[in-house]
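The values are calculated or read from the model by the stated rules, or taken from the named source; none is laboratory data. Since the model is a prediction, treat every value here as computed from it, not as a measurement. Virtual Cβ from ideal backbone geometry, glycine too; neighbours counted across all protein chains shown. For the accessible areas, the whole protein counts, side chains as well, though only heavy atoms, and no ligand, DNA or RNA atoms are used. Shrake-Rupley method; radii C 1.70, N 1.55, O 1.52, S 1.80 Å.
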Amino acid sequence: MGVTCVCQVPVLDGKSLQQTVDLLHRKLELLGATKQGNFWVDCETYHATANATGQPSKLLYVMHNSEMPLSSMALFEGGPGLTADANFDVLMLKLKSHFQNAKGHKVESRGTRYRYCDFLVKIGTITMSSSSRGISVEVEYCACGIPQDCWNLMKEFMQSFLGANAPELPTVFSSKPDGLVAPVDCMDTMSQYLELFSKVRKQQVLPSSAVR
């Protein structure tokens, strides 16, 4: 797995959400990127049913990624996280006396997957309870696993089609004990999606004119 950056792109003024997505697709295709199927990332929220300590319960997030179809990722609010096989979802059903699924809180991003040289780009529509909440962009530089060695190149590439909306360095990299020289793993990507999904949960539903 290469270094990955996940961000949210705002809907352009005077454009609908789908028109903004289509514009991003066209910009990538003009650069020479080619479509390589679709992708999805989802996130279910669970809360503890009992807390003997009397302290506020931390939420548990169970996530899936089409790039890793045989895996489930579980992240506690504020850490830690783990990667397990797909049967982890069955385990959560057996733990329903301890963790309850927060109904109506599932968030997912689905969209088109592009390849441009050593880059994978995924443009997705974020939805919650069947309502569109925004646009996600994931960029992965597959040729490198050390953020320090490729971030400037990634930023330059993202600016070529995101312009001023190109993100800064994700905090998940800079907050590691070894900083930008620590190798990346799949949890870095899922942590960025979790941060994005947590943000969109707090946003209002986009008006119908913005999602046509």
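Observations
- Split the accessible area of region 64-212 by element, probe 1.4 Å, and carbon with sulfur accounts for 53%.
- Of LYS106/LYS202; LYS176/LYS199; LYS94/LYS199; LYS103/LYS202; LYS122/LYS176; LYS27/LYS106, pairs whose Cα-Cα distance is over 19 Å: LYS176/LYS199; LYS94/LYS199; LYS122/LYS176; LYS27/LYS106
- The chain, dipole about Cα centre (Lys/Arg Cβ +1, Asp/Glu Cβ -1), debye to the nearest 20: 800
- Using C-alpha pairs below 8 Å separated by at least 6 residues, the relative contact order for the chain is 29 percent.
- Here r is the Cβ-Cβ distance between SER130 and LEU93 and R0 is 30 Å; the resulting FRET efficiency, rounded to 0.05, is 0.80.
- Cys residues of the chain counted as unpaired, since no other Cys beta-carbon is under 4.7 Å: CYS5, CYS7, CYS43, CYS117, CYS142, CYS186
- Dipole magnitude (debye, nearest 20) for region 41-101, charges at Cβ of Lys, Arg, Asp, Glu: 300
- Label-point gap, in nm, between ALA48 and THR83 - each point 7 angstrom along Cα→Cβ: 2.7
- Counting only protein heavy atoms and a 1.4 Å probe, the chain has 51 square angstrom of accessible area per residue.
- Given a 1.4 Å probe and the protein chains as shown, TYR61 ends up with an accessible area of around 20 Å².
- Label zone at GLN203 (point 7 Å along Cα-to-Cβ), backbone N below 15 Å, region 7-51: 7-22
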